Amino acid sequence: MAKRDKRIERMQRNPKTVRPDELDAALRGAGFTVERQTGSHKIYNYGPYTLPVPQHKQYIKEIYVGQALDLLAKIAGEGDTKTADTVAEEDA
């Protein structure tokens with residue numbers, strides 16, 4: 001099992017104790033980029049997907065971890081044959 005997969009599995013098991021650096025590593029490992037950071041909010045971008053993540057405390061709130069995991073699962077389900085643009089057209 002790859003390190004990225006272990007990190008995601010740990011976040012799924014206990015989403016209340018995910019630190020900002022762990023979520024950042026998981027998102028960047030999946031191909032997300034930090035579009036910008038305003039104060040304590042990082043805005044991650046992957047093709048048509050945007051994910052704002054406030055980082056006010058030691059741990060990320062469970063709702064934001066859940067949103068990130070849902071998006072990571074959606075992207076992983078796309079496979080290597082589809083581009084982000086193709087998925088955006090299918091969602092529309």
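Only the coordinates and a few stated rules stand behind these numbers; no lab work does. These numbers come from a predicted model, not from an experiment. Glycine gets a Cβ as well: all are built from the backbone with ideal geometry, and neighbour counts include every protein chain shown.
The figures follow:
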item	result
Residue-count net charge about PHE32 - beta-carbon cut-off 11 Å; Lys, Arg +1, Asp, Glu -1	0
Radius 11 Å from Cβ of THR17, net charge of other residues (Lys, Arg +1; Asp, Glu -1)	+2
